[in-house]
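Right, one structure below, let's go through it.
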Amino acid sequence: MRHSIISTSIIAIAAVGMIGLTGCGREEPKATAPGVTAPTNDVPDWVNDPSQGGKVLGAYGVAEKALAGEAKQVSQARLKAREELAATLNSKIQGVIKDWVREGGIITSQDNAQSAMVSFESATRNVINQNLEGSQQKARYVDTATGKLYVYMVVNAEIAAKVAEGAKAAARENKELRAHMAAKIEADKAFADLDKLIDKEMGVAK
């Protein structure tokens, strides 16, 4: 009788031990805070890399789910995408100009150089905004978990060429920039070099 009791006790202890091991081996799911959606990587490639590896001039805009309906949401996403595109293009052109001025040397005062950059940036921003009005969306994506709408827009070759031409014209019309050149012949050569730099940055083939 005593032997039977001991055997029963050993079996019970072993069973408890197995349950404990099973619990230790299983990873409990992490709790998500109320109202927070778990992140997902299930998004189009252009969300992670709008430039597609540097092959295109692209950007996307995101709009929250709107009570006013999908049309309003699409309009907001497109507006944000164009704003991102404008910022990208402006940054590229300003980078070219700054390098160009730096390589050419500062002939006028630093104040004049700064004034030239400010006035040129304002002119090119207007050129960019005017041309991006005609841009079209290339793709869209809706996050079903959050309702957010992503709209992807790309600058096509025609728009890129117009922006480049507008930027080159704005540079030539900028008196402060021309003042950085010592003589008309040097200025003409310098602006011809600038044209090539802008075309290259904008992906315009000549």
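Values quoted throughout were computed directly from the atomic coordinates according to the rules given, and no laboratory measurement underlies them. Note that this is a predicted model, so its numbers are computed, not measured. Backbone-built Cβ (ideal geometry, glycine too); neighbour counts: all protein chains shown.
Summarising the label geometry, the points placed 7 Å from Cα in the beta-carbon direction at Ser91 and Asn48 lie 2.0 nm from one another. When you restrict to C-alpha pairs under 8 Å that are six or more residues apart and normalise by the size of region 42-202, the relative contact order lands at 29 percent.
Annotation: the residues Thr124, Thr146, Thr88, sorted from fewest to most other C-beta atoms within 10 Å of their own C-beta, follow the order Thr146, Thr88, Thr124. Within the set of other residues whose C-beta is less than 12 Å from the C-beta of Asp193, count the net charge using Lys and Arg as +1 and Asp and Glu as -1. Around Asp193, the charge tally is -2.
Sorting Val151, Val204, Val43, Val127 from the fewest to the most surrounding beta carbons within 10 angstrom yields Val43, Val204, Val127, Val151.
Set the Förster radius R0 to 25 Å, insert the Cβ-Cβ distance between Phe191 and Leu79 as r into 1/(1 + (r/R0)^6), and round the FRET efficiency to 0.05. Result of the calculation: an efficiency of 0.15. Pairwise Cα distances in region 42-202 exceed 21 Å for 52 percent of all pairs. One decimal place: the segment Ser122-Lys72 gains 15.0 nm when fully extended, by the rule 0.36 nm per residue minus the C-alpha distance. Cα-Cα over 27 Å: which of Lys98/Lys138; Lys92/Lys189; Lys72/Lys200; Lys72/Lys98; Lys55/Lys98; Lys175/Lys196? Check vs 27 Å cut-off fails for Lys98/Lys138; Lys72/Lys200; Lys72/Lys98.
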